[in-house]
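Undergrad: Got a structure here, written out as structure tokens. Questions coming.
The values are calculated or read from the model by the stated rules, or taken from the named source; none is laboratory data. Everything numeric in this text was worked out from a predicted model, so none of it was measured. Note: ideal-geometry Cβ built from the backbone for every residue, glycine included; neighbour counts use all protein chains shown.
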Amino acid sequence: MSIDTLQWILVIGVSLLLFVLAPLAKTEKAFFKGEGSSGKPNFWLLTSSLVISWLFAKSITNAANLGLSFGLVGGVAYAGYYLSFVVAGLIIYKLRTKGGFESIHHFLEDKFGKGALVIFSLLIAFRLLNEVWSNSMVIGSYFGVQGSTPYLLAIVVFTFLTILYTIKGGMSSSLFTDMLQMVLFAVLLMVILFMIFPRTNWDVGAFVTSGTWSMSQGVNLLLLAILQSFSYPFHDPVLTDRGFVTDAKTTRRSYMWAAVIGAVCIVFFSFVGIYGQMEGVQGQAPVEVAKLLGVPMMLMMNFIMITSAASTLDSTFSSFSKLVHLDLKIAKPSLTGGRISMIVIALLGTIPIFFNPEIISATTISGTMVIGLAPVFLFWNMKVPPISFYLAVVGGFLIAVLLILFPMPEHLLFSSGKYADLLAVNIYGTVICFLLFLCPKLVLSLTQKKTPQ
């Protein structure tokens, strides 16, 4: 039996198993908010869902590729994005307990108006579309060269099978299957590591000491990840939606643990790339290392990619459905309407695969586009005029557009090497966005006249 046949059996088998195990949503609360027969999600269910929803296929692919390029430094740098869980968990906790808000959208509309809600929704809609193509194309890469018939067919089949079990239960399906997928991911990651370490005579020290801790060798990305973590999580509805599905204290605890567990998983998966570096492989680290180690490794790698990609896709579908029916109220909430919305995002999100998008851009460029969200949420309790939101968020978006259209002049960079331009743009851009957010309040305070006593 050929490797391609085994991979097809794996994709179809795993998806059908998830379809059988996924709960059937019979109420709108179950479909849109994930409430089961035992009530709201518990700590373990929420934590596993948070972790696996960010251990998506493109994420662990990036981790391995960065390990290949920069050694351990690359893995740690990418793990820096998991600071996002700490930031989001603390802010969401305050929004719920001190602000009394029931969702991110509730907060934005209440404080900045419907216009702000629309702009924010457009940003996260772009993010959700991004998640569909960037994860499904990773699966396609295991079946053929980008753009080839096997590649495209694998993406279409995988996306169809994932939407099949997701529309069965909506958010309930997403949360339940996330827990199963987290367990599978952990087991598969351990299996992969125990296939790699013996080939290096268990020289774990070689992995830990790999790479050079310099700006040009991965530290640029680490600083970029830390900086973006103060804005990045808030444009990811998959992450923030889960902040409102159970009680506030359980939610905060889940986010803190998810940060630690997720970061550890990313660093460990970067070991795949580090091993590839030792062996001198080139290209996509997970694919090339799997080829190097034979059919069993290829199947394990395929299995872990299916698990991670499916978990993110089902979360993306359920978040988009909630966005349409509960947050924006574009259509009346219903089980039928929610399922149709999921099918729509699946179709729209698959179209970009025909334009050969870059996987890493889903994190770096979109992360720059939303740097204006940092002051909005970090200063959530500050009284500012609505224009502060528009200035900061639109300003951040325009800065990202300028980055795409025009290269950053070298004399304005803080360092050299890969990601130096992104880091510089994000530092300058973040400072500008904070100033834009605070300026209206400062102007009002300076121009406001005191009422005569």
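Undergrad: Where residues in the range 29-48 are part of a loop (DSSP other than H, G, I, E, B) and of a type in the set (S, T, Y), which of them is nearest to V260 (Cα to Cα)?
TA: Selected residue: S38.
Undergrad: Do you know which residues across the range 9-34 are buried (at least 17 other Cβ atoms within 10 Å of the Cβ) and more than 26 Å from the chain's Cα centre (by Cα)?
TA: none
Undergrad: Something else: Are any of the residues in the range 390-401 surrounded by fewer than 14 Cβ atoms within 10 Å (Cβ to Cβ), in a loop (DSSP other than H, G, I, E, B), out of contact with any strand residue (DSSP E or B) (no Cβ under 6 Å at 6 or more places or on another chain) and of a type outside the set (G, A, S)?
TA: So far as the range 390-401 goes, no, none of its residues is surrounded by fewer than 14 Cβ atoms within 10 Å (Cβ to Cβ), in a loop (DSSP other than H, G, I, E, B), out of contact with any strand residue (DSSP E or B) (no Cβ under 6 Å at 6 or more places or on another chain) and of a type outside the set (G, A, S).
Undergrad: What helices (runs of 4 or more DSSP H) completely inside the range 289-387 contain at least 2 residues that are at pLDDT 80 or above and of a type in the set (D, E)?
TA: none
Undergrad: So, F271, is that one over 30 Å from F19 (Cα atoms) and aromatic (F, W, Y) or not?
TA: Judged against the criteria, F271 is a match.
Undergrad: Still on this model: Helices (runs of 4 or more DSSP H) wholly in the range 131-244 with at least 3 residues that are crowded, with 20+ Cβ neighbours inside 10 Å - which ones?
TA: Answer list for the range 131-244: 149-169, 171-196, 219-228, 237-241.
Undergrad: Check off (1) out of contact with any helix residue (DSSP H, G or I) (no Cβ under 8 Å at 6 or more places or on another chain); (2) surrounded by 20 or more Cβ atoms within 10 Å (Cβ to Cβ) for G280 and give me the number that stays unchecked.
TA: For G280, the exception is condition (2).
Undergrad: Between residues in the range 235-252 that are farther than 13 Å from S318 by Cα and residues that are aliphatic (A, V, I, L, M) and at pLDDT below 90, which pairs lie under 6 Å by C-beta distance while being six or more apart or on different chains?
TA: H235/L123; H235/I124; H235/V370
Undergrad: Quickly run through the range 428-442 and pick out the residues that are surrounded by fewer than 16 Cβ atoms within 10 Å (Cβ to Cβ) and touching a helix residue (DSSP H, G or I) at 6+ places or on another chain (Cβ under 8 Å).
TA: Y428, C439
Undergrad: Search the range 135-156 for residues that are within 9 Å of A57 (Cβ to Cβ) and pair each with any residue that is of a type in the set (D, E, K, R) when their beta-carbon atoms are under 9 Å apart and the residues are at least 6 apart or on different chains.
TA: N135/K58; M137/K58; V138/K58
Undergrad: If you don't mind, there's one more thing I want to ask. For S53, only one of the following conditions fails: (1) hydroxyl-bearing (S, T, Y); (2) modelled with pLDDT of 85 or more; (3) buried (at least 16 other Cβ atoms within 10 Å of the Cβ). What is its number?
TA: Among (1) hydroxyl-bearing (S, T, Y); (2) modelled with pLDDT of 85 or more; (3) buried (at least 16 other Cβ atoms within 10 Å of the Cβ), S53 violates only (2).
Undergrad: Have a look at W202, W213 and point out the one that is of a type outside the set (D, E, K, R) and at positive phi.
TA: Testing whether each residue is of a type outside the set (D, E, K, R) and at positive phi leaves just W202.
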